[in-house]
Structure formats: C-alpha cells, structure tokens
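Participant: Here it is, the structure, as structure tokens.
The values are calculated or read from the model by the stated rules, or taken from the named source; none is laboratory data. Predicted, not measured: the structure shown is a model, and the values here were computed from it. Ideal geometry is used to build each Cβ from the backbone, glycine not excepted, and the neighbour counts take in all protein chains shown. We work out accessible area using only protein heavy atoms, side chains counted, and drop any ligands, DNA or RNA first. Shrake-Rupley method; radii C 1.70, N 1.55, O 1.52, S 1.80 Å.
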Amino acid sequence: MSPDELRRFAYEAADWIAEYLSTLDERPVFPETRPGALRDALPARAPEQGEDMDTILRDFRERIVPGINHWNHPAFFGYFAISASGPGILGEMLAAALNVNAMVWRSSPAATELEDVTTAWLRDLLGLPEPFEGVINDTASSSTLYALAAAREVAYPEQRSRGLFGLPTGRVYASEQAHSSVEKAVLTLGFGREGYRAIPTDGAFRMDVGTLRRAMVEDAAAGVRPVAVVATLGTTSAAALDPVREIGAVAREHGAWLHVDAAYGGPVAILPEMRPRFVGWEEADSVVVNPHKWLFTPIDCSVLFCRRPEALARAFSIVPEYLSSVEQSEARSLMDYGVSLGRRFRSLKLWFVLRYFGREGIVARLREHMHLARELADAVEAEEGWELAAPQELGLVTFRFAPAGVGAEERDDLNRFVMDRVNASGTAFLTHTELDGRVALRLSIGNLRTEARHVERTWSLLKSEADAARAGIASALDEA
Ligand SMILES: *Cc1c(COP(=O)(O)O)cnc(C)c1O
C-alpha cells in the first residue's frame, strides 16, 4: 500500500470512526442477526487475488458492522459496560503502526519503559504502595493465572524441577462469587477441582471470613498446602467488595499468597471517598485491575501489580541465547512475567488515556457512573413489584421483577423474558446472572457516553415490558 493510498484510507477510516461514535445512539445496541449469519454471507475461502481497499471497507460497513453488538453504545449495560475513548482509540491506532514487540528492552526500549511508567502512574493513582510493580497483560484471566503461578512457585519451590506429581495437595481459596477465571487458573496450574475451595458469602455476597478461617485450619490439619487466597473487589454478579483486610490476615496466618481480583472495581480506588473500601489490598501479594473495563481504554489491557515480581519471574523466566541481551540486568524483560513472549505495545493507549483525562477527569466520570447506578437502584426499590437482588455497589445494579403472587420459577422465566424483549428492541442491552439461586438482571453503567436519559429510558422499557408480560400471564391464567 503506497503512502498516498494509506493516507487516503486512514482518513476515510478516521471519518468513519468519528461518525460511528457520534451516531451510536441511533443504532440498535444488539444487532438483528442470528448465529451463522455472517459466516453464510462471506466466501468460504480467502481470495486468490488481492482485493481493493474500497471493497474491503465497504464490506466492513455493510457486512461486519451489522453483526456487531455495540459495546461502545451508551445504552450497552451488559456484562461490565466499557468504553473505547477517543485517546484510547488513537493510542491503539498508533501502536498498530509502530508494531513493536516488547519482549525485552532491546526489542522495544520505549514500549518496555512506557509500561514501567504507566503502570507506576496507575499504581499511584490507585493508592497502591511502591513495592508493587505492574505488567500489562491481555486480560484479567491471564493476570490471575500468572499471579497464581507465582503463588504456586512460592508454595512449591520444588515444582519447577519436578512438577507437582507426588507432592501434597495444594489449595486456592476464593468466594463462591469469585470470577470463573480463578477456578480456570487453578485447573490450568494442575491443582484440579479439589485444589479449589469456594467459600460461602454473607447476605451481601461478600466472602465469609469466619468460614474461610475454618476451612484453612481444617485443610492445614489434613496436610493440604495453602497456596493462595483470592479476594474480589467488585464481584461479577453483584459488584460486592470482599473484606480484603480480614481475608489478608487469614491468608498470612497460613502463609498463603493473597491475590486481589479488582479487574472491574479497581479503578474506583482513585476516588478518595471509595478508598476506605479497598483498605487491605495494599498488603496483597498481587492485584489485577483492568483499564479495559472501567478506565476508558480499548480492549485489551489488564494490569497485574505484583509485590513480589521475582516470584513471577521465577515461575516464568526462561532466557534462551537468542533472547539474551546486554541490558537484561539494567531493564526489565517483560517476557519474564508471563506465558507470552511477544507483547503488544498496550501501554501507549493507557498513557494517552491517563494523560487526556487526568485524575480529575477520571474521578468525575466514575462518580457520575456510580451516581447513575445509585439513582436507578433507588427507583427500583421504590417501584412496587421490583426488588434489588443485591445491595447496589459501584456502577452495577442487580435487580429483578418480583411481583407478588408469582412463583419463583415463573419469576425467573418472567425476568429472562423481559430482558430478551428489551434486548430485542435494540434500545438497550442487559445481561443476567443468578443470585441466591434466582435469576437477577444486571445493569452495568460504565460507558463514557452513557447519560441519565439512557438509564431512564431503559428502566421505563423494563417496567412496561414487565407489565405487559404480567398481563399476558394473567390473561392466560384466566383462560385456563
Ligand atoms: C471481567 C472480570 C474478569 C475477567 O476479565 P478478562 O479480562 O475478560 O479475563 C475477572 N474477574 C473479575 C472480577 C471481572 O470483573
């Protein structure tokens, strides 16, 4: 592609991006599509001859975009709402242009050092102390896997040479509300299902520390090695914050590694008024925070902070001759802190985001999101026939339609039905979970472009769909 051609198409792409982001409101959030629709519409084989860029871009607009669930939409409230901010998008574009691979300092001096700088900036914004060193991974799932690999390294110093075979059982503890990535990491690391113990939670879905203590004492008596305890600050279903200080005290009594999963909730520690909820995480051995979740950075960008980076390196470092370099004693080799050798220049977009918004800009936006969530929670509580399924926390509202006189199973069906109707309308997008064994709807507010009107419109639609569904059931019962 000639420089002139590249320039022309880059302008065209930039125009499309600006137009797209400013007109998202007019699109359905979830597309009108079905499984297989795109696959059926595209050729089964790659083209023999190269195609021209105009055609490729046209197919992007006409075939790909209509199959997109718009995570950038202001009424995207599913999973955890995220946003690709302008500065984040620009950072991502430029990183693609540079195309450096930050394996070791020599392979990309600036990408290596910018990762040092941005993760230190973020660490300070979050109020985590100096000994924590940050590395950027693709996802929290990888970050947690690496943290637990370091914990395994500490609990089983002998395993690097002989593996875990024949060694005493090891166990990782997390709450029943912990993210599935924790159990996935435990399975990947060879501890098996028995190596994972899910601790029950209290009425607000926070880990019950008394039960954790008893479980660890019981396991120690049975000869089980305590490997790690994972506390979650911002659980997936309810955004609950585990009592991390008390959990840390129990973990330390047993010499277990403390990993904090703050993939979603972490950024909120930037708010001074929220900092008390995080007390104790500064004592952790590792903490994961995802800027690609609630910090306006395009996917993917997950920061793993580790207080014992040497344990991470012991778990992962292998330096073959072809990767050795004279600077390896003076600068970090980022390849030493995880499975990946090749690493994208992810710190560039994070640097753009942190500079563009500044601490004040980030604080203002996170406060606004939490305010919108609180207002919706108040409205739900005030509405007859509706209830919160969990105490409202952070930017998440977990709730359900629970009209009197409708059985539990039927309520579950009703809530799924109402959610499907709202999603099919294209007005908003929500997802659900299960709390106390019952279906709950989740509305997550975390997109930069979300305003009160988007939340209000969605709440009105939920209520009218629920009333319509209820009336339908009532008339069906009358007929029966
Ligand atoms: C989203 C989330 C994860 C998984 O994040 P990925 O980056 O998609 O792997 C893990 N833990 C918590 C608490 C989360 O919210």
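Participant: So, counting K/R as plus one and D/E as minus one, what does the shell of residues with Cβ under 14 Å around Glu5 add up to?
Facilitator: In short, -3.
Participant: Here's something else I'd like to know. Length gain on complete extension for the stretch Val326 to Arg355, per 0.36 nm per residue less the alpha carbon to alpha carbon distance? Provide the component values of the computation, followed by the final result.
Facilitator: Numbers: separation 29, 0.36 × 29 = 10.44 nm, distance 3.25 nm.
Between Val326 and Arg355, full extension yields 7.2 nm more.
Participant: Still on this structure, please answer the following. Once you have the Cα-Cα distance between Asp52 and Phe9, take 0.36 nm times their residue separation minus that, and quote the gain in nm to one decimal.
Facilitator: Numbers: separation 43, 0.36 × 43 = 15.48 nm, distance 1.11 nm.
Separation in residues times 0.36 nm, less the Cα-Cα distance, equals 14.4 nm.
Participant: Taking H placed 1.01 Å from N in the peptide plane, check which residues at least 5 places from Arg225 or on another chain put their amide H under 5 Å from its amide H.
Facilitator: The answer is Thr169, Gly170, Arg171.
Participant: Hey, another quick one. What nm value, rounded to one decimal, do you get for the distance between Asn99 and Arg367 when each label is placed 7 Å out toward the C-beta?
Facilitator: 4.5
Participant: By average Cβ neighbour count within 10 Å, what is the ranking of 102-114, 68-80 from highest down? Mind showing how you got there, number by number?
Facilitator: Details: 102-114: 19.3, 68-80: 21.2.
Listed from highest to lowest mean packing, they are 68-80, 102-114.
Participant: Looking at the chain, what % of its DSSP beta bridges pair antiparallel, to the nearest 5? Don't skip to the answer; put the middle values down first.
Facilitator: On the way: 24 of 42 bridges.
Once the DSSP bridges in the chain are tallied, antiparallel ones form about 55 percent.
Participant: Give me the extension gain from Glu26 to Arg160: residue separation times 0.36 nm, minus the current Cα-Cα distance, reported in nm with one decimal.
Facilitator: On the way: separation 134, 0.36 × 134 = 48.24 nm, distance 5.52 nm.
Result: 42.7 nm gained on full extension.
Participant: Could you tell me the calculated FRET efficiency between Glu218 and Asp378, based on Cβ-Cβ distance and R0 = 35 angstrom, to the nearest 0.05?
Facilitator: On the way: r = 42 Å, r/R0 = 1.21.
Efficiency, rounded to the nearest 0.05: 0.25.
Participant: What net charge is computed for the residues neighbouring Ile199, neighbours being all others with C-beta under 13 Å from the C-beta of Ile199, Lys and Arg scored +1, Asp and Glu -1?
Facilitator: Values: positive: Arg171, Arg197, Arg206, Arg213, Arg214; negative: Glu176, Glu183, Asp202, Asp208, Glu218, Asp219, Asp242, Glu246.
Around Ile199, the surrounding residues sum to -3.
Participant: Quick check for you: which residues of segment 290-309 have the amide N under 18 Å from the point 7 Å beyond the Cα of Ser340 toward its beta carbon?
Facilitator: Output list for this probe position: 290-306.
Participant: Just to check I understand the Karplus step: with θ = phi - 60° and J = 6.51 cos²θ - 1.76 cosθ + 1.60, what whole-Hz values come out for segment 222-234, glycine and proline as x?
Facilitator: Per-residue couplings from phi come out as 8, x, 7, 7, x, 8, 7, 10, 10, 9, 10, 10, x Hz.
Participant: Quick one: if the Förster radius is 56 Å, what FRET efficiency do Thr169 and Glu451 give, using the C-beta to C-beta distance and rounding to 0.05? Could the numbers behind the result be given before it?
Facilitator: Details: r = 52 Å, r/R0 = 0.93.
Result of the calculation: an efficiency of 0.60.
Participant: Taking a ≥ b ≥ c as the square roots of the eigenvalues of the Cα gyration tensor of the chain, is the shape rounded (a/c under 1.5), prolate (a/b larger than b/c) or oblate?
Facilitator: Values: a/c = 1.77, a/b = 1.10, b/c = 1.61.
Oblate is the answer for the chain, as a/c is 1.5 or above yet b/c matches or exceeds a/b.
Participant: Looking at the square roots a ≥ b ≥ c of the eigenvalues of the Cα gyration tensor of segment 100-345, which shape do they give, rounded for a/c under 1.5, prolate if a/b is larger than b/c, or oblate? Mind dumping the intermediate values first?
Facilitator: Values: a/c = 2.07, a/b = 1.24, b/c = 1.67.
Oblate, since a/c reaches 1.5 and b/c is not below a/b.
Participant: Then there is this: Using a 1.4 angstrom probe, figure out how much accessible area segment 100-345 has per residue, in square angstrom, rounded to the nearest whole. Please report the intermediate quantities before stating the final value.
Facilitator: Numbers: 9380 Å² over 246 residues.
So segment 100-345 comes to 38 Å² accessible per residue, rounded to a whole number.
Participant: Helix-only mean residue ellipticity at 222 nm, the chain, DSSP H runs n ≥ 4 weighted -39,500 (n - 2.57), per residue, nearest 500. What is it?
Facilitator: Numbers: 15 runs with 209 residues, N = 480.
Helix-only estimate at 222 nm: -14000 deg cm²/dmol.
Participant: With a Förster radius of 51 Å, plug the Cβ-Cβ distance of Glu62 and Glu409 into 1/(1 + (r/R0)^6) and report the FRET value to the nearest 0.05. Before the final figure, lay out the partial values.
Facilitator: Values: r = 43 Å, r/R0 = 0.85.
Between Glu62 and Glu409 the formula returns 0.75.
Participant: I would also like to ask the following. Among residues other than Arg58 whose Cβ falls under 11 Å from its Cβ, what is the net charge (Lys/Arg +1, Asp/Glu -1)? Please report the intermediate quantities before stating the final value.
Facilitator: Values: positive: Arg61, Arg63; negative: Glu12, Glu51, Asp52, Asp54, Asp59, Glu62.
That works out to -4.
Participant: How many nm is it between the label spots at Asp124 and Ile299, if each spot is 7 Å from the Cα in line with the beta carbon?
Facilitator: According to this spin-label approximation, the distance is 3.2 nm.
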